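Contents: one structure, followed by commentary.
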Amino acid sequence: MIVTIDGPAGSGKSTTARGVADRLGFVYLDTGAMYRAVALAFRRGGASPSERGAAQVLPSLELGVKYVGDDMRVLLGGEDVTPHLRTAEVGALVSPVATLRPVRERMVKEQRRIGWEQEERHGGVVLDGRDTGTVVFPDADVKIYMVADLDERARRRQQEYESRGDSVPLAEVREEIKERDQRDRSRDIAPLRRADDAIAYDTTDETIEDQVQFVVDRVKAVGEEGT
Ligand code: DC
């Protein structure tokens, strides 16, 4: 069973995807973390977010994913870089890096490989990202496209920063995610958009429990159809 959850920043994808995987005994694959790890490799290699930078970074890139219990960790050259992925520096670089064709081609290949492998092992995978239902797994069993009002998304992201000890003004967070969404939506390759067969879900007034239940219900309905 492959479940994809796409949508803009702060729409609730990752918390929901994690919760759904937990409830169903599936594995969670955070595709954004993989793009963030590539951005970190660009940063560490002093490469610019360009085709030339990609030619410099990708040939020696050793990107891996491992699971510690339910927790997904991202490895770069064997080093667990998960704690370094949500910094402001990586946040600023990831969106331009994610527009590069060679980067996306490589990531899609890796995500399919991990997805199939984990589906076989655990019976199901929940992916979250921007193109998981349109490009990575266009034949996914359940596709969700999550949206929420910009103000609500900014508030959630601000809280996330706060929980890590970063105090960022709301207006600044709002601008940051607005800009990021604009870039993710307007890029030429695999732009953020709802797949035609994805279920649109507005989470503005929803709780995390509601969100998890919403997706779990869809997964169960598809499972019952197939029996
Ligand atoms: O979900 P996130 O904030 O960790 O994503 C970081 C960036 O990676 C985001 O700006 C868009 C990009 N991304 C992407 O292009 N495709 C994906 N499947 C996931 C993330």
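Observations, loosely collected:
- Positions within the range 185-200 being open to solvent by less than 60 Å² (accessible area, probe 1.4 Å), over 11 Å from Gly7 (Cβ atoms) and of a type outside the set (Val, Ile, Thr), in sequence order: Arg187, Ala190, Pro191, Ala195
- Condition broken by Val20, with the remaining ones in (1) crowded, with 17+ Cβ neighbours inside 10 Å; (2) over 17 Å from Arg106 (Cβ atoms); (3) within 14 Å of the ligand (Cβ to nearest atom); (4) not small (Gly, Ala, Ser) satisfied: (3)
- So Glu117, is it open to solvent by 20 Å² or more (accessible area, probe 1.4 Å) and within 14 Å of the ligand (Cβ to nearest atom): no
Matching residues to (1) within 14 Å of the ligand (Cβ to nearest atom); (2) not in a helix (DSSP H, G or I):
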{"residue": "Gly165", "(1), (2)": "no, yes"}
{"residue": "Ala171", "(1), (2)": "no, no"}
{"residue": "Glu176", "(1), (2)": "yes, no"}
{"residue": "Gln182", "(1), (2)": "yes, no"}
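- Residue satisfying all of: in the range 42-69; within 18 Å of the chain's Cα centre (by Cα) and within 16 Å of the ligand (Cβ to nearest atom); surrounded by the most Cβ atoms within 10 Å (Cβ to Cβ) among these: Val65
- Pairs where the first residue, in the range 178-196, is farther than 13 Å from Leu150 by Cβ and the second is open to solvent by 100 Å² or more (accessible area, probe 1.4 Å) and among the aliphatic types (A, V, I, L, M), C-beta under 8 Å, 6+ apart: none
- Residue tally, condition closer than 15 Å to Gly32 by Cβ and acidic (Asp, Glu), over the range 118-176: 4
- Among the residues of the range 92-101, the ones that are touching a residue at least 40 places away in the same chain (Cβ under 8 Å) and open to solvent by 40 Å² or more (accessible area, probe 1.4 Å) come to 2 in all.
- Number of positions in the range 201-225 that are open to solvent by 20 Å² or more (accessible area, probe 1.4 Å) and aromatic (Phe, Trp, Tyr): 1
- Within the range 24-42, residues that are in a loop (DSSP other than H, G, I, E, B) sit with their Cβ atoms under 8 Å from residues that are open to solvent by 10 Å² or more (accessible area, probe 1.4 Å) and more than 10 Å from the ligand (Cβ to nearest atom), at 6+ positions apart or across chains, in these pairs: Gly25/His122; Gly25/Gly123; Phe26/Met1; Phe26/His122; Phe26/Gly123.
- Test result for Glu110, free of Cβ contacts under 8 Å to residues at least 12 places away in the same chain and within 16 Å of the chain's Cα centre (by Cα): no
- Some residue of the range 125-141 being part of a loop (DSSP other than H, G, I, E, B), open to solvent by 20 Å² or more (accessible area, probe 1.4 Å) and more than 27 Å from Gly64 (Cα to Cα): no
- Residue among Arg112, Arg36, Arg106 that alone is within 14 Å of the ligand (Cβ to nearest atom) and open to solvent by 70 Å² or more (accessible area, probe 1.4 Å): Arg112
- All conditions in (1) closer than 29 Å to Val219 by Cα; (2) away from the ligand (no atom under 13 Å from the Cβ); (3) not in a helix (DSSP H, G or I) hold for Glu152, with the sole exception of (3).
- The range 75-91 residues that are within 12 Å of the ligand (Cβ to nearest atom), paired with ones that are outside any loop (DSSP other than H, G, I, E, B) and small (Gly, Ala, Ser) (beta carbon under 6 Å, 6 or more apart): Leu85/Ala33; Val90/Ala39
The values are calculated or read from the model by the stated rules, or taken from the named source; none is laboratory data. Small disclaimer: the values here were computed from a predicted structure and weren't measured. Every residue, glycine as well, gets a Cβ built from its backbone with ideal geometry; the counts of neighbours run over all protein chains shown. These accessible areas exclude ligands, DNA and RNA; they are computed on the full protein's heavy atoms, side chains included. Shrake-Rupley method; radii C 1.70, N 1.55, O 1.52, S 1.80 Å.
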